[in-house]
1. Assigned by TED's automatic domain parsing to the domain that holds residue 275, part of a strand (DSSP E or B), surrounded by 13 or more Cβ atoms within 10 Å (Cβ to Cβ) and touching a residue at least 24 places away in the same chain (Cβ under 8 Å) - does that describe any residue in the stretch 199-206?
2. Given the structure, is residue 242 in the same structural domain as residue 262 (by TED's automatic domain parsing) and closer than 25 Å to residue 94 by Cα?
3. Looking at this structure, is residue 75 touching a helix residue (DSSP H, G or I) at 6+ places or on another chain (Cβ under 7 Å), modelled with pLDDT under 95 and in a helix (DSSP H, G or I)?
4. Buried (at least 16 other Cβ atoms within 10 Å of the Cβ), without any contact (Cβ under 8 Å) to a residue 24 or more places away in the chain and within 30 Å of residue 96 (Cβ to Cβ): is that true of residue 154 in this structure?
5. Consider residue 132 carefully, then state whether it is in contact with a helix residue (DSSP H, G or I) (Cβ under 8 Å, 6 or more places away or on another chain) and closer than 30 Å to residue 110 by Cβ.
6. Would you confirm, using the coordinates I've provided, whether residue 239 is assigned to a helix (DSSP H, G or I) and either over 34 Å from the mean Cα position of the chain (by Cα) or surrounded by fewer than 16 Cβ atoms within 10 Å (Cβ to Cβ) (or both)?
């Protein structure tokens, strides 16, 4: 008997099973070291934080935190913490009224809302005030400590007379009838050279107490006038002026130049000194050069 041949058709072949489809998020979740429930909670927290951030931006845009802070500060003020007195210290010469007026000129009297830094900066705009400290003394006092500038000279610019400190800072206007006994600086911009003048006079300490006025000539050099009536004309430049004045002080110490009736000593030419003597009635006199040696 011949072997039977059996044909295996297409229907008889075994078909491979199709792989189950898995979504990409589930694939990623399967690889994460957290379970799906934990991942969902993290996603929820992230979304919540995002919503809070958006809400915070909106509140800031509407100025809600500032309004809440102001309301809270006013509530504290209503509880008894409002400015009822201003304690100003350190004032000796300046008029205290502007300090009180500035301290009282605030948007609110509630102690927590007072901007003490802004008050200090406004105080420093006054010429008299070299430094200031502003603080709160609870429950109801604003304390202001003033450090005043020391008057060092008077400055005359045309018809304007002002008090200045040693750095040339303008402190206040001064009536001619109330001029204090201080050296006088004369001329446009003279106050801006007050420090240099003080340094110059320190080179001749014996002459410094005798100075009556210093005139800033042509915005470039000094003419010094002394109590005995003489004027000393100095050259341009700090170094040249210091050298000339030191030599003059040495000659004055040895020969007594000041107080002898000479009107003017001109030191503008290096190594030379020209003097101007009093002029007799009807007499014409020219300056006489004198050697510094």
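The values are calculated or read from the model by the stated rules, or taken from the named source; none is laboratory data. Predicted model only: the values in this text are computed from it and were never measured. For neighbour counting, all protein chains shown are included, and Cβ atoms are generated from backbone atoms with ideal geometry for every residue, glycine included.
1. Scanning the stretch 199-206, I find no residue that is assigned by TED's automatic domain parsing to the domain that holds residue 275, part of a strand (DSSP E or B), surrounded by 13 or more Cβ atoms within 10 Å (Cβ to Cβ) and touching a residue at least 24 places away in the same chain (Cβ under 8 Å), so the answer is no.
2. When the stated conditions are applied, residue 242 does not pass them.
3. So residue 75 does not fit the description; no.
4. Judged against the criteria, residue 154 is not a match.
5. Taking the combined requirement at face value, the residue satisfies it.
6. yes
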